[in-house]
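Working notes, structure below.
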Amino acid sequence: MKFSKKLINQRFLFYKNLPYIKKHPFFSIRNKFANELEALVQVYLSQNLISIGKRFKDLNSSIDDIMKLPNITPGGIVVPKIETQLIYNAIASYCYKSLGDFSKYTKSFAPVTIRVKSGKIKSPDRPYETSKLHSDAWVGMFGDGIISFGIMGDFKNNGVEFFMPNLISADYFGKLSNYDEGINKFKGLKEIGRYKKGFIHLFDNIVLHKTMSKKNSLPRVSIDFGFFLKKKNKASKFFNADIKRYRFDKADVYNECGNKFYYKTFETITQTKLRLINGKKKVKVPRFVKI
Ligand SMILES: [Fe+2]
């Protein structure tokens, strides 16, 4: 396999004249709506816990209850359900607001995911374990990159580190069956940033990253979503895109969320619990509807 800078340079052109972008297709800036998002995420977690008969006190004391939610994935995503979709829509709307001027350059977004990391060391057995160095392209995320917000908690000890590869292979963008295979897709690494509370991090799919949790680290919550940029240049070739998992909606849907559009789910948290126990057939996929 040949390694080169060609794809890296080609992709950097997409971002070259965009705000906050300097040397790499990456930025980390303070979020003007960090307080609002933190408050909304607290209400979101509270609403989730009410559905299992618990109350949200604070992240550290409620973490064990949060990790027991029926609608939390192995990767820590607290999936929106009927009981929580109202607050979820408010969160999606504030995510868009947070982008400020940058939103002018975006074409579409994948649904916002609210992710809780407990800080307890996980087994590295999962093929897509986030503590392994990876690009989100390797899980089939075929957008241009990810926008990620540090919402609350212990980001110093339970965070994310970002790296820029020096050279990459021609088949860099595509789904792998395990992040471990990614080691053959690049040569050379340089650290370019770390996750921070109250900040917006934007990174192209080229940027590698991994979660890190030190011993005795406390929980944290982040929000992330994939994006496509508006651009004239041709995008890089993508192998094995996971089109079922990542559905993109026009940026305008997010701009008008709660006004003209509403993200609708079709299952309650209790129904989720029963479905997981009984192994019943799948439910309708949540999506934005016109209102
Ligand atoms: Fe990732």
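Among the residues of the range 167-207, how many are among the acidic types (Asp, Glu) and assigned to a strand (DSSP E or B)?
Qualifying residue count for the region: 2.
Restricting attention to the range 124-139, which residues are more than 13 Å from Gly75 (Cβ to Cβ) and in a loop (DSSP other than H, G, I, E, B)?
Let us first name the residues in the range 124-139 that are more than 13 Å from Gly75 (Cβ to Cβ), namely 124-125, 133, 135, 137-138.
Result: Pro124, Asp125, Leu133, Ser135.
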task = For residues that are surrounded by fewer than 19 Cβ atoms within 10 Å (Cβ to Cβ), within 11 Å of the ligand (Cβ to nearest atom) and under 17 Å from Lys196 (Cα atoms), tally how many sit in the range 132-158.
result = 0
ask   = Would it be correct to say that Pro70 is touching a Ser or Thr at 6+ places or on another chain (Cβ under 7 Å), on the phi < 0 side of the Ramachandran plot and buried (at least 20 other Cβ atoms within 10 Å of the Cβ)?
value = no
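Please find, within the range 114-131, the residue that is nearest to Phe227 (Cα to Cα) out of those that are within 11 Å of the ligand (Cβ to nearest atom), among the hydroxyl-bearing types (Ser, Thr, Tyr) and surrounded by fewer than 19 Cβ atoms within 10 Å (Cβ to Cβ). Please lay out each step first, then the result.
First, pick out the residues of the range 114-131 that are within 11 Å of the ligand (Cβ to nearest atom): 115, 128-131.
If we keep only those that are among the hydroxyl-bearing types (Ser, Thr, Tyr) as well, we get 128, 130-131.
Then keep just the ones that are surrounded by fewer than 19 Cβ atoms within 10 Å (Cβ to Cβ); that gives 128, 131.
On the way: Tyr128: 20, Ser131: 22 Å.
That would be Tyr128.
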note = Only one of (1) within 16 Å of the ligand (Cβ to nearest atom); (2) under 23 Å from Asn31 (Cβ atoms); (3) among the acidic types (Asp, Glu); (4) surrounded by fewer than 20 Cβ atoms within 10 Å (Cβ to Cβ) does not apply to Asp101, and that is (1)
task = Any residue in the range 130-148 that's more than 15 Å from Leu99 (Cβ to Cβ) and in contact (Cβ under 8 Å) with a residue 60 or more places away in the chain: show its pairings with residues that are within 10 Å of the ligand (Cβ to nearest atom) and polar (S, T, N, Q) at Cβ separation under 8 Å, as long as the two are six or more apart or on different chains.
result = Thr130/Thr211; Ser131/Thr211; Ser135/Asn205; Asp136/Asn205; Ala137/Asn205; Met141/Asn205
message = Which pairs turn up if I take residues in the range 240-265 that are touching a residue at least 40 places away in the same chain (Cβ under 8 Å) and over 22 Å from Ile146 (Cβ atoms) and look for partners that are among the basic types (Lys, Arg) and in a strand (DSSP E or B) with beta carbon separation below 9 Å, at least 6 apart in sequence or on another chain?
response = Tyr262/Lys290; Lys264/Arg287; Thr265/Arg287
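Can you name every one of the helices (runs of 4 or more DSSP H) wholly within the range 1-81 that holds 2 or more residues which are at pLDDT 95 or above? Walk me through it before giving the result.
On the way: elements: 6-15, 34-50, 59-67.
Hits in the range 1-81: 34-50, 59-67.
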task = Pull up the range 268-286, narrow it to residues that are modelled with pLDDT of 90 or more and outside any helix (DSSP H, G or I), then point me to the one that is surrounded by the most Cβ atoms within 10 Å (Cβ to Cβ).
result = Pro286
Within the range 215-229, tally of residues that are out of contact with any helix residue (DSSP H, G or I) (no Cβ under 6 Å at 6 or more places or on another chain) and outside any strand (DSSP E or B) = 3
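If you check Lys210 against the conditions, is it outside any helix (DSSP H, G or I) and more than 16 Å from the ligand (Cβ to nearest atom)?
Values: outside any helix (DSSP H, G or I): yes; more than 16 Å from the ligand (Cβ to nearest atom): no.
Taking the combined requirement at face value, the residue does not satisfy it.
Given the options Phe142, Phe162, name the one that is closer than 22 Å to Phe12 by Cβ, out of contact with any Pro (no Cβ under 8 Å at 6 or more places or on another chain) and not in a loop (DSSP other than H, G, I, E, B).
Residue meeting the stated conditions: Phe162.
Being more than 30 Å from Ser169 (Cα to Cα) and either free of Cβ contacts under 8 Å to residues at least 12 places away in the same chain or in contact with a His (Cβ under 6 Å, 6 or more places away or on another chain) (or both): is that true of Lys282 here? Step through it out loud before you land on a result.
Numbers: more than 30 Å from Ser169 (Cα to Cα): yes; either free of Cβ contacts under 8 Å to residues at least 12 places away in the same chain or in contact with a His (Cβ under 6 Å, 6 or more places away or on another chain) (or both): yes.
For Lys282, the condition - more than 30 Å from Ser169 (Cα to Cα) and either free of Cβ contacts under 8 Å to residues at least 12 places away in the same chain or in contact with a His (Cβ under 6 Å, 6 or more places away or on another chain) (or both) - is met.
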request  = Could you give me the residue pairs with C-beta distances under 7 Å whose first residue belongs to the range 150-161 and is among the aromatic types (Phe, Trp, Tyr), whose second residue is surrounded by 22 or more Cβ atoms within 10 Å (Cβ to Cβ) wherever it lies, and which are 6+ apart or on separate chains?
outcome  = Phe155/Tyr195; Phe155/Arg220
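The values are calculated or read from the model by the stated rules, or taken from the named source; none is laboratory data. Quick caveat: nothing in here was measured; it's all calculated off a predicted structure. Here the Cβ is made from the backbone with ideal geometry for all residues, glycine too, and neighbour counts use every protein chain on show.
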